[in-house]
Amino acid sequence: MAEQTCLFCKIVAGAIPAAKLFEDDRAVAFGDINPQAPTHALVIPRAHVASLNEASAEDEALLGHLLVVAARVAREAGHSEGGFRTVINTGADAGQSVFHVHVHVLGGRRLTWPPG
Ligand code: AMP
Ligand code: ZN
């Protein structure tokens, strides 16, 4: 069961603490434990989806919801005007380290492009 082994499922279940910024019936947002910018939040679905590779057509609305929540978190952190970045790492080459899909929300400093 993913809930027993997956770090982010444990955060959803409250078994591991997190600095929660937002939650509703489908998503949870919390601060990244190793922030790469003044604002660095993660937005995750309550349901376990390992990565975009495992996402299906049934997940379309959920994935869209994660982006709306990401924008809300960025707005509440004061980054609507200045801007912010959303990132979804998928698989080894992208550096995905937690296999429960998550949207990084980065803001509060000038971000360079292309990413490393
Ligand atoms: P990724 O490398 O895209 O899979 O991102 C995983 C992110 O999860 C990294 O930025 C980690 O710093 C973050 N992370 C790992 N463990 C925790 C935790 N217990 N609470 C909050 N963020 C975490
Ligand atoms: Zn999970």
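The values are calculated or read from the model by the stated rules, or taken from the named source; none is laboratory data. Since we're looking at a predicted model, the values are computed, not measured. Note that each Cβ is placed from the backbone with ideal geometry, even for glycine, and that neighbours are counted across all protein chains shown. Please note that ligands, DNA and RNA were not included when accessible areas were found on the heavy atoms of the full protein model with its side chains. Shrake-Rupley method; radii C 1.70, N 1.55, O 1.52, S 1.80 Å.
Would you check if there is a residue in segment 49-71 being open to solvent by 50 Å² or more (accessible area, probe 1.4 Å), touching a Leu at 6+ places or on another chain (Cβ under 8 Å) and more than 16 Å from ligand 1 (Cβ to nearest atom)? The answer is no, given that none of the residues of segment 49-71 is open to solvent by 50 Å² or more (accessible area, probe 1.4 Å), touching a Leu at 6+ places or on another chain (Cβ under 8 Å) and more than 16 Å from ligand 1 (Cβ to nearest atom). Residues satisfying the criterion are absent from segment 25-42 (criterion: in contact with a Gly (Cβ under 8 Å, 6 or more places away or on another chain), within 15 Å of ligand 2 (Cβ to nearest atom) and more than 14 Å from V103 (Cα to Cα)). Among the residues of segment 1-42, which ones are surrounded by 18 or more Cβ atoms within 10 Å (Cβ to Cβ) and aromatic (F, W, Y)? Residues satisfying the conditions are F8, F30. Part of a strand (DSSP E or B), within 13 Å of ligand 1 (Cβ to nearest atom) and among the basic types (K, R) - does that describe any residue in segment 10-19? Among the residues of segment 10-19, not one is part of a strand (DSSP E or B), within 13 Å of ligand 1 (Cβ to nearest atom) and among the basic types (K, R), which makes the answer no. The residues of segment 74-116 that are surrounded by 14 or more Cβ atoms within 10 Å (Cβ to Cβ), closer than 13 Å to A50 by Cβ and either in contact (Cβ under 8 Å) with a residue 24 or more places away in the chain or among the acidic types (D, E) (or both), listed by number, are I88, T90, Q96, V98, F99, H100, V101, H102. Would you check which residues across segment 33-46 are assigned to a loop (DSSP other than H, G, I, E, B) and touching a helix residue (DSSP H, G or I) at 6+ places or on another chain (Cβ under 9 Å) and list them? Residue satisfying the conditions is R46 alone. Going through (1) within 25 Å of T5 (Cα to Cα); (2) in contact with a helix residue (DSSP H, G or I) (Cβ under 6 Å, 6 or more places away or on another chain) one by one, F84 falls short only on (1).
Here L67 meets each of (1) away from ligand 2 (no atom under 16 Å from the Cβ); (2) in a loop (DSSP other than H, G, I, E, B) with one exception, condition (2). Taken together, the criteria exclude H100 from residues that are under 17 Å from the mean Cα position of the chain (by Cα), in a loop (DSSP other than H, G, I, E, B), over 30 Å from T5 (Cα atoms) and at pLDDT 95 or above.
Looking at N53, N34 in this structure, which one is within 24 Å of E3 (Cβ to Cβ) and in contact (Cβ under 8 Å) with a residue 12 or more places away in the chain?
N53
Within the bounds of segment 24-32, is there any residue that is closer than 17 Å to G108 by Cα and assigned to a loop (DSSP other than H, G, I, E, B)? Within segment 24-32, one or more residues are closer than 17 Å to G108 by Cα and assigned to a loop (DSSP other than H, G, I, E, B).
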